[in-house]
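The values are calculated or read from the model by the stated rules, or taken from the named source; none is laboratory data. All values derive from a computational prediction rather than experimental measurement. Please note: Cβ atoms are built from the backbone with ideal geometry, for glycine as well, and neighbour counts cover all protein chains shown.
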Amino acid sequence: MPTQEQIPAQPPNILMVAGEASGDVHAAALLRSLKERIPGLTAFGMGGPRLKEAGLEALFDASEISVMGLVEVLPKLLSILRVLRALGREAAIRRPDLAVLVDVPDFNLRLAKRLKKLGIPVVYYVSPMVWASRPWRVRTIRRLVDKMLCILPFEAPWLKERGVDAEYVGNPVLDALPPPGGMESFRAKLGLEPNRRTLAVVPGSRPSEIRRVLPVMCEAVRRIQASHPELQLVVPRAPALEDGFLEGIFSQFGLSPVIADGGRVCDAVAASDAAIVCSGTAALEAGLMARPFVVVYRVNWLSALVFRVIRTVKYISLVNLLSGREIVPELFQKDCTPERIEREILSYLDNPERSGRVVSDLLEVRKTLGDAGASVRAAQAVAGVLKSIRALPASSQTIGVQPSPPS
């Protein structure tokens with residue numbers, strides 16, 4: 001009879017939770033890397049289309065909790081609490097080896113509290129930006145999170161100083177960047193006319209934020225086209241958005257952009273001479289493509305007031321935060337007007353010297369993030385936590401990509 005050590009262990013089963021478009025993409029890449037290194041690994045939880053494609057057994061869709069703003073969350077609060085309780089119950093029944101929670105801190109930190117009571121270790125991927133607002137939450141993170149995987153280089157030292165086991169794994173946006181190419185090649189890829197000047201409009205991924213900011217963008221575009229009628233428009237559509245949703249808003253302003261399906265912000269921005277980008281992960285993607293752009297955002301007035309009170313940093317855009325100065329303009333709330341957007345975009349289109357300076361600065365920002373391979377290094381870290389919990393084959397620890405310190 002084989003000894004206990006000779007009996008092969010069951011493959012790990014993990015709980016994985018992602019709650020919005022960028023987190024869905026990052027979580028999907030991580031899950032694929034984990035499955036490559038740990039044969040038979042299974043995952044259940046919540047995610048969007050990309051995470052489901054990667055093999056997640058989705059008990060809930062990410063759209064059920066996807067909302068931006070402190071006040072905007074209220075209409076969905078009951079639904080969000082229902083999902084939170086259900087995931088907690090399912091974790092208690094299935095007893096996963098560990099949980100991998102991705103971004104959405106207001107939801108995932110509450111879920112982590114339930115998981116902690118069940119004795120389920122928590123790895124958190126994409127650190128909450130406690131350095132930017134509500135820094136007191138670091139005490140909660142220290143208590144509930146066993147391993148924090150950071151995607152911005154300054155986060156891990158900041159968290160370590162406050163007692164959190166944190167590691168910088170690189171930025172997953174780098175993993176998704178398309179191969180280098182000129183504007184014309186990206187225009188051809190998206191079905192755009194190769195020799196026409198191009199403006200990208202990136203309105204975000206959530207219907208609520210799009211309804212709030214896209215009409216302002218559209219009015220700005222109308223004004224810009226009055227002086228640059230040759231401009232063609234390209235708009236990336238996030239995977240979760242319904243067909244016709246974006247087109248309906250643009251048509252109200254007499255605009256007919258090329259819609260790029262699949263949410264390929266990088267391709268749309270790379271095809272463009274300039275871009276108008278909704279704040280968030282899309283702004284970092286735009287910055288890494290090294291095209292001049294303006295960051296815009298609008299939320300409920302009360303959410304904006306609360307954010308102004310709790311924020312502890314000067315900028316809202318990651319490219320400006322990473323550089324420590326304003327490289328691209330940030331138009332937030334009352335500054336987010338068609339007139340201001342028009343002025344900034346025209347300053348790019350009509351002033352090649354300014355555009356060139358911005359592109360040069362953005363290329364420097366890109367260097368601070370180090371090399372691609374974040375999902376591989378994140379998988380290595382998760383496998384390390386799993387190894388500390390249960391015996392895994394040694395091959396699962398051989399990832400083959402070593403962390404590259406930012407230059």
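Go through (1) of a type outside the set (G, A, S); (2) at pLDDT below 95; (3) at negative phi one by one and return the number of the condition V104 breaks.
(3)
Please enumerate the residues belonging to segment 187-213 that are at pLDDT 95 or above and within 15 Å of G248 (Cβ to Cβ).
V201
Being touching a residue at least 40 places away in the same chain (Cβ under 8 Å) and either more than 17 Å from A86 (Cα to Cα) or not β-branched (V, I, T) (or both) is the filter here, so list the residues in segment 111-129 that pass it. Spell out the reasoning first.
We begin by selecting, within segment 111-129, every residue touching a residue at least 40 places away in the same chain (Cβ under 8 Å); these are 111, 115, 120-121, 123, 125-126.
Selection gives L111, L115, P121, V123, Y125, V126.
Considering only residues that are more than 15 Å from L149 (Cα to Cα) and of a type in the set (G, A, S), look in segment 373-394 and name the one that is surrounded by the most Cβ atoms within 10 Å (Cβ to Cβ).
S388
Considering only segment 247-289, state which residues are at positive phi and surrounded by 18 or more Cβ atoms within 10 Å (Cβ to Cβ).
First pass over segment 247-289, keeping only residues at positive phi: 254, 262-263, 280.
Matches in segment 247-289: G263, G280.
Scan segment 219-237 for residues that are among the aliphatic types (A, V, I, L, M) and under 30 Å from the mean Cα position of the chain (by Cα) and jot them down. Walk me through it before giving the result.
In the first step, residues of segment 219-237 are kept if they are among the aliphatic types (A, V, I, L, M); the result is 220-221, 224, 226, 231, 233-235.
Matches in segment 219-237: A220, V221, I224, L231, L233, V234, V235.
From the list E161, E219, E230, E184, exactly one residue is of a type in the set (D, E), under 23 Å from S272 (Cβ atoms) and modelled with pLDDT of 95 or more. Which is it?
On the way: E161 fails: under 23 Å from S272 (Cβ atoms); E230 fails: modelled with pLDDT of 95 or more; E184 fails: modelled with pLDDT of 95 or more.
Exactly one of E161, E219, E230, E184 is of a type in the set (D, E), under 23 Å from S272 (Cβ atoms) and modelled with pLDDT of 95 or more, namely E219.
Considering segment 350-365 alone, what residues qualify as being surrounded by fewer than 18 Cβ atoms within 10 Å (Cβ to Cβ) and part of a helix (DSSP H, G or I)? Before you say what the answer is, go through the steps one by one.
Of all residues in segment 350-365, those surrounded by fewer than 18 Cβ atoms within 10 Å (Cβ to Cβ) come to 350-357, 359-360, 363-364.
If the condition is that a residue be surrounded by fewer than 18 Cβ atoms within 10 Å (Cβ to Cβ) and part of a helix (DSSP H, G or I), then P352, E353, R354, S355, G356, R357, V359, S360, L363, E364 are the ones that fit.
Pick from P215, P203: which is crowded, with 17+ Cβ neighbours inside 10 Å, touching a strand residue (DSSP E or B) at 6+ places or on another chain (Cβ under 9 Å) and not hydrophobic (A, V, I, L, M, F, W, C)?
On the way: P215 fails: touching a strand residue (DSSP E or B) at 6+ places or on another chain (Cβ under 9 Å).
On inspection, the qualifying residue turns out to be P203.
Where in segment 88-192 are there strands (runs of 3 or more DSSP E), lying wholly inside it, with at least 1 residues that are basic (K, R)? Quick ask: steps written out before the conclusion?
Working: elements: 98-102, 122-125, 147-150, 166-168.
So the answer is 147-150.
If A99 satisfies all but one of (1) of a type in the set (A, V, I, L, M); (2) more than 30 Å from Y315 (Cα to Cα); (3) without any contact (Cβ under 8 Å) to a residue 40 or more places away in the chain, what's the number of the condition it fails?
Here A99 clears every test but (3).
Spot the failing condition for R264; the list is (1) closer than 27 Å to S127 by Cα; (2) out of contact with any strand residue (DSSP E or B) (no Cβ under 7 Å at 6 or more places or on another chain), and only one is missed.
(2)
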